[in-house]
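Notes follow the structure.
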Amino acid sequence: MRDIDVSQLFSKLSDEVVEYNHEAVINLVKELIERRVDPLQIIDEGLLPGIEIVKDKFEKLEYFLAELIFASEAVKDSINLLISTLPENEKNNLINGKVVIGTPKGDIHDVGKNIFSTLLMASGFVVYDIGIDNHIDNFINKAKEVDADIIAMSCLMTTSMIQSKELLEDLVRLNLRDRFKVVLGGGAIQEAYAKTVGADGYSVDATGGVNIAKQLMEKNMRQ
């Protein structure tokens, strides 16, 4: 009977994420914690199915940015709650990876970057958002400081996109290219360009970027 109850709680948790009901999501997560349910199971069977539905609704224009952010914040806070309950040596099990993200020098557009950051956090990534208008050194220094897995550059201005190429060249010059994966996105970047400069991943939108980040981390684990 307990298994059935837990399954129902997972379903309810997913529904509340879709309804972006922050308080209800947190309370359900707390109840599952009290039942000693595996935190990974709570994420995989309750939180993530809900946020996937939200992302799908956002892509279909059934949800707007506000709904996406509200739902993502509920999931992000739930994952942080789950992480806080674990012993220090087990916390990394709930973290998909570390991402440094920002826009390059001369690019002050941050809407797409902010959506991507929020969805990454809702998907279990630790995100270090360095903001807008960054010199390439800012990306690299922050990635080294936090021991990031991925550097993500969002670029909407065509006049700034050359810096994505310079970022990759600097990583090679500093013998850091194998240490960090690089993901590019934003309206100024095209897939062919991303491949030409040697990026590890490219996405035209935030939800696709999250999938690429997950794939890169899975690939890292297999290597």
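The values are calculated or read from the model by the stated rules, or taken from the named source; none is laboratory data. A quick note: this is a predicted structure, and the numbers were derived from the prediction, not measured. With ideal geometry, Cβ positions are generated from the backbone for all residues, glycine too; neighbour counts draw on all protein chains shown. Areas reflect the complete protein model, heavy atoms only, side chains present, ligands, DNA and RNA absent. Shrake-Rupley method; radii C 1.70, N 1.55, O 1.52, S 1.80 Å.
Worth pointing out:
- Just one of the numbered conditions (1) touching a helix residue (DSSP H, G or I) at 6+ places or on another chain (Cβ under 8 Å); (2) open to solvent by less than 80 Å² (accessible area, probe 1.4 Å) is not true of residue 59: (2).
- Residue check for residue 55: in contact (Cβ under 8 Å) with a residue 40 or more places away in the chain, assigned to a helix (DSSP H, G or I) and under 19 Å from the mean Cα position of the chain (by Cα): yes
- Check on residue 152, touching a Phe, Trp or Tyr at 6+ places or on another chain (Cβ under 6 Å), touching a residue at least 12 places away in the same chain (Cβ under 8 Å) and open to solvent by less than 40 Å² (accessible area, probe 1.4 Å): no
- For residue 138, the requirement of being at pLDDT 95 or above, open to solvent by 10 Å² or more (accessible area, probe 1.4 Å), assigned by TED's automatic domain parsing to the domain that holds residue 115 and more than 14 Å from residue 103 (Cα to Cα) is not met.
- Of the residues in segment 184-191, none is open to solvent by less than 20 Å² (accessible area, probe 1.4 Å) and touching an Asp or Glu at 6+ places or on another chain (Cβ under 6 Å).
- Residue in segment 112-132 that is of a type in the set (Ser, Thr, Tyr), in a helix (DSSP H, G or I) and open to solvent by 10 Å² or more (accessible area, probe 1.4 Å) present: yes
- Residues of segment 155-195 classified as without any contact (Cβ under 8 Å) to a residue 24 or more places away in the chain and part of a helix (DSSP H, G or I), total: 7
- The residues of segment 74-98 that are open to solvent by less than 40 Å² (accessible area, probe 1.4 Å) and touching a residue at least 60 places away in the same chain (Cβ under 8 Å) amount to a single one, 97.
- The set of residues from segment 136-163 being touching a Pro at 6+ places or on another chain (Cβ under 7 Å) and either over 23 Å from residue 204 (Cα atoms) or among the polar types (S, T, N, Q) (or both) comprises 160, 163.
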